[in-house]
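Asks: Dropping a structure here in structure tokens format, bear with me for questions.
The values are calculated or read from the model by the stated rules, or taken from the named source; none is laboratory data. This one's a predicted model, so the numbers in the text were calculated from it and none came from an experiment. A quick note on method: Cβ atoms are made from the backbone with ideal geometry, for glycine too, and the neighbour counts reach across all protein chains shown.
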Amino acid sequence: MRRMLVSEIRGMAVFTESGTALGTCKDVYIDMDTGRVLQFVVGKRLIDVGEHLLIGIEDVRDVTDDTIIVRDAFVGLGAALPA
């Protein structure tokens, strides 16, 4: 099992599988009962959906040492946090 600190995830670049830059991970929502990551809060870069974008863990394809990669179909489907 691979583990990372939330402090390591904050600031990671977020891209789609095809390389579209979505922004930077600003925070993480964690299920306090299970300890599992539920969503990543991403500061937007190229998409027009408010200040932040919520990406559910089910849309994440990979997390490398410095990048979060989400499925291509996610673009336009994510929920936005109110500004």
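Asks: Select from region 20-33 the residues that are more than 14 Å from the chain's Cα centre (by Cα) and either modelled with pLDDT under 90 or over 16 Å from Glu58 (Cα atoms) (or both) and write down the one among them that is surrounded by the most Cβ atoms within 10 Å (Cβ to Cβ).
Replies: Met32
Asks: Output the residue which, of all residues in region 1-18 that are part of a loop (DSSP other than H, G, I, E, B) and over 16 Å from Leu54 (Cβ atoms), is modelled with the lowest pLDDT.
Replies: Here the residue is Met1.
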